[in-house]
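Worksheet for the structure shown next.
The values are calculated or read from the model by the stated rules, or taken from the named source; none is laboratory data. Quick caveat, the model's predicted, so the values are computed rather than measured. Counting neighbours? That spans all protein chains shown, and the Cβs are built from the backbone with ideal geometry, glycine included. The accessibility values were calculated without ligands, DNA or RNA, using every heavy atom of the protein model including side chains. Shrake-Rupley method; radii C 1.70, N 1.55, O 1.52, S 1.80 Å.
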Amino acid sequence: MVASPGFPDIQAHWARPFIEGLAQRKIMRGFEDGSFRPERAMSRAEFASVLQAAFNPSVIRPYVPFVDVPTTHWAAGAIRRAYESGFLTGYPGQQFRPNENIPRVQALASLVGGVGLPPAASVPLAQIYQDSAQIASWAIAAITTATTNEIVVNHPDLKRLRPTQPATRAEIAAFVYQCLVAQGKAPAIASSAIVRWVQTVAVSHTREFRALWVACVWNGDFPSKMGLSTQQQQAELIAILDRMQSLNLNALILQVRSEGDALYRSSLEPWSSWLTGTQGKAPDPFYDPLEFAIAQAHQRNIELHAWFNPYRARTSERIVNVSPHLATTNPEVVYRWDTQLWMDPGAKVVQDRTVNVILDVVRRYDVDGIHLDDYFYPYPIAGQAFPDDKTYQTYKAGGGSLALADWRRDNVNRLVQRLATEIHAAKPYVKFGISPFGIYRPGQPSQVRGLDAYNQLYADALKWLQEGWVDYLSPQLYWRIEPPAQSYPVLLRWWAENNLKQRHLYPGNNLSALGGNQWDLSEILNQINLTRELSPQLALGNVFFSSKALAANHQGVGDRFRTTTYANLALPPAMPWMLTATPATPTGVRYSNGKLTWNAATPEIRNWTLYQQNGNTWTLRQVLPATTTATTLPSGTYALCAVGRSIVESKGVVVKV
């Protein structure tokens, strides 16, 4: 026989990947004419030879010679080793019958016993195989184990085991290859001929969005100052994410565009000065902070939402704008606003730039969400008017009829609607959220007083929510519970009552107020509890400002989060309007030698969740990144689920340890 894997008679054969997998490992060979002859039945002697090549088995019992296997038989050594290792036994009268074709049931039982796969729990073989009645009683346990370990391969009919039929060379190749997969010695093959039976259960847990804003502007959170080395910057990001993971937080909202710049590699806008101290200067040694943050966040099962400011162009006169910043390419639509620069939201070039910048990130980076904050038209300055007269007059000259305030709101509304449409067209699973000023308008509800975001920032956040343009809204409710003019629960209930499209609400909370004892820790903890009380009205989590306040652990807030508030793991809530498919259940799930293993993730998988059964309930014990394929477990009954990109869980594959 020859070892070439390029057999001409298997090119369109169902078993080709299994055959080639074994041929490449020199476990099975072809014939002198170059063929493989996949439909030829395999003898017991040939099977013994394959076992020796595939498993190199150890001796567990002494050999007793078979009367029909002389020492001169071509397979005498392989037969002896197959017997000594427990793979094969003989027949009455100390016969081996080397030339007899091996039945499928015998080959499967031999593999299960010889490899030493742990016995499986009861499996309804009659539901899996139409011909299960033909399985001999001595083989039922072995076939059960072979089935649960995905060693059984049936073609062309998945439901027919054909236990007494002679196994073909193709079928033996498939059985043996699947044993190697079960041992973790070969990669899984996606074949429709593999019998995949698993016990599944529908499991779930209480979801909650637990997010942290990380600002780059003014070096508020990251990086802590300009000019840090690449290694120092990366260490700071890792410290933020490690802290989040230790507190069971699950979403990082990272500011990546604070003033028409980029905290990532971009051909559309210059590098942020908050990294190096000079706008347009890349980190040296080079790295991409957004790419790095995404990889590190996902490794810790934390979502990353890229946070953009749509219109601010410069925060202070210290910053020198460089090309391709909009202030250099289109200075006619960038205006001075006190010490800042602001883009004109009514200018088409501004609208296009903002959309193109955000869509560039959506397409090139594996972000989980896109986030805008409360800066639309700038916060007012006494005695000053935003200088967009020329743009407005151009609009009027073109036939526009809206009053100035309505036109400004419409400019922002059209941007929000366009972003919602184009983000979801590019990647349907990427979430779009906004964190507006927490008060929509004074008097809504009646006792509320404060800035009129609708008429001063021209931000119609209620419209964005009621049109369903946002997937989540995070009104910045940076006020205490008690004062009636700006009451946390009063405002949150108002937003919830006006949530006609049933989008998610993740209110923003001001951890910074814990510094200097402005607030007592109980204020924040009570606000979280009030949010949870409104979960039936889709207030499903909180976003905290900011990372620096959490790192300082003011009044032990981080300790309380870790031990009490967020003691239990939670995934972010799934969004039913995002029409993405439920992921397939994990495959290749098996337990051996104290370790649970499963097959690698497909691209649509974001995480794995592992539940443990306690009586009639299932408790989430682990959330694992998509790259993980094994975990060590104590005894118990577990269910492993796949989590898709839209945070929808599959049913759990049940494993008893």
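Please go through region 536-567 and give me each residue that is among the aliphatic types (A, V, I, L, M) and either free of Cβ contacts under 8 Å to residues at least 24 places away in the same chain or part of a strand (DSSP E or B) (or both), ordered by number.
Ala539, Val543
So which residues in region 16-53 are under 28 Å from Ser85 (Cα atoms), among the small types (Gly, Ala, Ser) and in contact with a Phe, Trp or Tyr (Cβ under 9 Å, 6 or more places away or on another chain), if there are any at all?
Gly21, Ala23, Gly30, Ala45, Ala48, Ser49
Kindly evaluate Thr72 against the criterion of being crowded, with 22+ Cβ neighbours inside 10 Å and of a type in the set (S, T, N, Q).
Against the criterion (crowded, with 22+ Cβ neighbours inside 10 Å and of a type in the set (S, T, N, Q)), Thr72 does not qualify.
Within region 81-120, work out how many residues are outside any loop (DSSP other than H, G, I, E, B), within 50 Å of the chain's Cα centre (by Cα) and not small (Gly, Ala, Ser).
Looking only at region 81-120, we keep the residues that are outside any loop (DSSP other than H, G, I, E, B), and these are 81-84, 91, 95, 101, 103-115.
From the residues that got through so far, the ones that are within 50 Å of the chain's Cα centre (by Cα) too are 81-84, 101, 103-115.
Right, trim to not small (Gly, Ala, Ser) and you get 81, 83-84, 101, 103-106, 108, 111-112, 115.
Within region 81-120, residues that are outside any loop (DSSP other than H, G, I, E, B), within 50 Å of the chain's Cα centre (by Cα) and not small (Gly, Ala, Ser) number 12.
Those residues that are of a type in the set (Ser, Thr, Tyr) and either in contact with a strand residue (DSSP E or B) (Cβ under 6 Å, 6 or more places away or on another chain) or outside any loop (DSSP other than H, G, I, E, B) (or both), I need them from region 402-437; list them, please.
If we filter region 402-437 for residues that are of a type in the set (Ser, Thr, Tyr), which is where we start, we get 421, 429, 435.
Answer for region 402-437, where residues must be of a type in the set (Ser, Thr, Tyr) and either in contact with a strand residue (DSSP E or B) (Cβ under 6 Å, 6 or more places away or on another chain) or outside any loop (DSSP other than H, G, I, E, B) (or both): Thr421, Ser435.
Could you grab me the full set of residues in region 458-490 that are within 21 Å of Arg409 (Cβ to Cβ), part of a loop (DSSP other than H, G, I, E, B) and of a type outside the set (D, E, K, R)?
If the condition is that a residue be within 21 Å of Arg409 (Cβ to Cβ), part of a loop (DSSP other than H, G, I, E, B) and of a type outside the set (D, E, K, R), then Tyr458, Ala459, Gly468, Trp469, Val470, Ser474, Pro475 are the ones that fit.
Quickly run through region 491-535 and pick out the residues that are under 14 Å from Ala461 (Cα atoms) and part of a strand (DSSP E or B).
Within region 491-535, His504, Leu505 qualify.
I'd like the full set of residues that are over 21 Å from the mean Cα position of the chain (by Cα) and open to solvent by 20 Å² or more (accessible area, probe 1.4 Å), limited to region 202-218.
Val217, Trp218
Looking at (1) surrounded by 23 or more Cβ atoms within 10 Å (Cβ to Cβ); (2) in contact with a helix residue (DSSP H, G or I) (Cβ under 9 Å, 6 or more places away or on another chain); (3) under 20 Å from Pro573 (Cα atoms), which is the only condition Asp221 fails?
With respect to (1) surrounded by 23 or more Cβ atoms within 10 Å (Cβ to Cβ); (2) in contact with a helix residue (DSSP H, G or I) (Cβ under 9 Å, 6 or more places away or on another chain); (3) under 20 Å from Pro573 (Cα atoms), Asp221 is out only on (3).
With respect to Arg80, determine if the residue is touching a residue at least 24 places away in the same chain (Cβ under 8 Å) and in contact with a Phe, Trp or Tyr (Cβ under 8 Å, 6 or more places away or on another chain). Before the answer, list the steps.
Working: touching a residue at least 24 places away in the same chain (Cβ under 8 Å): no; in contact with a Phe, Trp or Tyr (Cβ under 8 Å, 6 or more places away or on another chain): yes.
Considered against the rule, which asks whether it is touching a residue at least 24 places away in the same chain (Cβ under 8 Å) and in contact with a Phe, Trp or Tyr (Cβ under 8 Å, 6 or more places away or on another chain), Arg80 comes out as no.
Residues checked against (1) of a type in the set (Gly, Ala, Ser); (2) part of a loop (DSSP other than H, G, I, E, B):
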| position | (1), (2) |
| --- | --- |
| Thr602 | no, yes |
| Arg606 | no, no |
| Gln612 | no, no |
| Leu624 | no, no |
| Thr627 | no, yes |
| Ser635 | yes, yes |
| Tyr638 | no, no |
| Ala642 | yes, no |
| Val654 | no, no |
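In region 247-281, what residues are buried (at least 20 other Cβ atoms within 10 Å of the Cβ), outside any loop (DSSP other than H, G, I, E, B) and of a type outside the set (D, E, K, R)?
Ala251, Leu252, Ile253, Leu254, Gln255, Val256, Ala262, Trp271, Ser273, Trp274, Leu275
Restricting attention to region 301-318, does a residue exist that is closer than 26 Å to Asp242 by Cα, surrounded by 15 or more Cβ atoms within 10 Å (Cβ to Cβ) and among the acidic types (Asp, Glu)?
yes
Would you confirm, using the coordinates I've provided, whether Ala76 is modelled with pLDDT of 95 or more, of a type in the set (Gly, Ala, Ser) and more than 23 Å from Thr200 (Cα to Cα)?
yes
Just for strands (runs of 3 or more DSSP E) wholly inside region 320-382: which have at least 1 residues that are in contact with a Lys or Arg (Cβ under 7 Å, 6 or more places away or on another chain) and more than 26 Å from Gly400 (Cβ to Cβ)?
On the way: elements: 334-337, 340-343, 369-372.
By residue number, 340-343, 369-372.
Report, by residue number, each residue of region 608-651 that is crowded, with 20+ Cβ neighbours inside 10 Å and touching a Gly at 6+ places or on another chain (Cβ under 7 Å).
Tyr611, Ala639, Leu640, Cys641
Can you find even one residue in region 229-236 that is part of a loop (DSSP other than H, G, I, E, B) and open to solvent by less than 10 Å² (accessible area, probe 1.4 Å)?
Scanning region 229-236 turns up no residue that is part of a loop (DSSP other than H, G, I, E, B) and open to solvent by less than 10 Å² (accessible area, probe 1.4 Å).
Out of the residues in region 31-69 that are touching a residue at least 60 places away in the same chain (Cβ under 8 Å), among the aliphatic types (A, V, I, L, M) and not in a helix (DSSP H, G or I), state the one that is surrounded by the most Cβ atoms within 10 Å (Cβ to Cβ).
Met42
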